[in-house]
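J.: Sharing a structure here in structure tokens format.
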Amino acid sequence: MSRRTNPRTAPSWHVTDALAARYAGGAAAETDAWSLEKHVESCTACAARVSTAVRAGAAGPVLASVRAELLTSLGHAPEKPAPSPLGRWARLWWSAGPALRGSWLVAVVLVVGGAFGLAHGAGVQGARNWLLAVSPLLPLAGVAVSYGRHADPLYEITAATPSGGLRLLLTRTAAVLAVCVPLLTACGALLPAAAGSPGAAAWLLPGLALTLAALALGSFVGCRAAAATLGGGWLLAVARSLVGPPDAAGAAPYVTGPAVQTAWAAAALVCAALLALRRRSFDHLETR
């Protein structure tokens with residue numbers, strides 16, 4: 001073990017290549033092995049060093065075989081030894097989260113297509129209001145099906161890795177937002193605007209606030225329950241305004257105006273702060 005001493009903090013250490021090789025070969029002292037296993041839970045660089053040593057050791061072929069069988073049992077073809085750029089992008093897409101390869105992505109496309117069909121095909125004047133009412137719900141649905149034991153068949157494994165927990169949840173949430181934000185905003189911009197209707201980007205702050213609220217509440221009750229609770233509350237709030245006459249304001253009062261947007265921004269900051277305080281709760285497996 002290489003040690004570094006800081007006069008202001010307790011001594012810290014990192015796994016050396018020699019220790020990683022001894023651990024991979026089963027020759028490390030028991031106390032060193034325990035320390036190494038605890039250390040790699042919070043040190044990505046050392047976890048990668050140990051993983052490389054294990055793959056290069058005698059257990060490497062066995063682990064590769066087990067991994068290939070696991071992927072095959074889940075319905076995925078084994079990885080090629082030297083993947084093409086297209087293959088690397090495909091794996092990146094796969095690792096982004098279950099939402100991007102399931103029914104949620106289809107739902108986003110159907111919402112966008114339905115909005116265009118209502119506005120340009122059926123001549124519905126309130127199509128933009130309906131889109132603004134539904135748009136904040138789509139990130140919530142993406143979060144609900146991206147993380148947790150109900151959504152990910154490898155949840156127990158991924159949650160136990162150094163990159164699991166909140167880090168993985170935020171990565172998958174960012175992937176969800178990267179897909180739905182451009183699509184929904186562009187769709188809103190291309191829909192015909194009615195007098196007094198909100199702008200195409202009016203839903204962004206409410207959507208961000210609801211997404212952060214789902215993550216924060218998910219630290220207490222799980223992402224699926226949190227998304228369902230907040231999504232149901234949002235629908236109850238906007239449903240009455242959407243069943244009015246065609247020239248009614250619709251969802252506009254909930255997403256437009258300086259005071260409303262300021263309130264959504266403040267709510268987003270509060271939820272982000274709560275999420276930061278509750279970040280360690282995602283290091284434990286969900287029990288719900």
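The values are calculated or read from the model by the stated rules, or taken from the named source; none is laboratory data. If you're wondering where the values come from, they're calculated on a predicted model, not measured in any experiment. When we count neighbours, we look across all protein chains shown, and the Cβ atoms used for this are built from the backbone with ideal geometry, even at glycine.
Residues are listed down the side, and each one gets a yes or a no for (1) without any contact (Cβ under 8 Å) to a residue 24 or more places away in the chain; (2) exposed (fewer than 15 other Cβ atoms within 10 Å of the Cβ); (3) closer than 30 Å to Ser42 by Cβ; (4) not hydroxyl-bearing (Ser, Thr, Tyr):
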| residue | (1), (2), (3), (4) |
| --- | --- |
| Gly114 | yes, no, no, yes |
| Gly117 | yes, yes, no, yes |
| Ala127 | no, no, no, yes |
| Pro139 | no, no, yes, yes |
| Glu156 | no, yes, yes, yes |
| Ala159 | no, no, yes, yes |
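J.: Let me ask you something else. Within the range 1-21, can you find the residues that are modelled with pLDDT of 90 or more and charged (D, E, K, R)?
T.: Asp17
J.: It is to be established whether one or more residues within the range 72-93 are part of a helix (DSSP H, G or I), at pLDDT 75 or above and outside the structural domain of Leu168 (by TED's automatic domain parsing).
T.: yes
J.: Continuing with the same structure: On the given criteria, is Arg149 outside any helix (DSSP H, G or I) and in contact with a helix residue (DSSP H, G or I) (Cβ under 8 Å, 6 or more places away or on another chain)? So that I can check it myself, show each step before the final result.
T.: Values: outside any helix (DSSP H, G or I): yes; in contact with a helix residue (DSSP H, G or I) (Cβ under 8 Å, 6 or more places away or on another chain): yes.
Yes.
J.: Among the residues in the range 43-51, are any closer than 25 Å to Asp283 by Cα, at pLDDT 75 or above and outside any helix (DSSP H, G or I)?
T.: Step one: filter the range 43-51 for residues closer than 25 Å to Asp283 by Cα, giving 43-51.
Next, from what is left, pick out any that are at pLDDT 75 or above: 43-51.
Narrowing further to those that are outside any helix (DSSP H, G or I): 43.
Scanning the range 43-51, I find at least one residue that is closer than 25 Å to Asp283 by Cα, at pLDDT 75 or above and outside any helix (DSSP H, G or I), so the answer is yes.
J.: Further question on the same structure: Just the residues that are surrounded by fewer than 19 Cβ atoms within 10 Å (Cβ to Cβ) and at pLDDT below 85, please, taken from the range 217-252.
T.: The answer is Ala239, Arg240, Ser241, Leu242, Val243, Gly244, Pro245, Pro246, Asp247, Ala248, Ala249.
J.: Please enumerate the residues belonging to the range 30-42 that are farther than 12 Å from Ala20 by Cβ and either among the aromatic types (Phe, Trp, Tyr) or not in a helix (DSSP H, G or I) (or both).
T.: Correct list: Trp34, Glu41, Ser42.
J.: I would also like to ask the following. From the list Arg278, Arg288, which one is at pLDDT 90 or above and among the basic types (Lys, Arg)?
T.: Exactly one of Arg278, Arg288 is at pLDDT 90 or above and among the basic types (Lys, Arg), namely Arg278.
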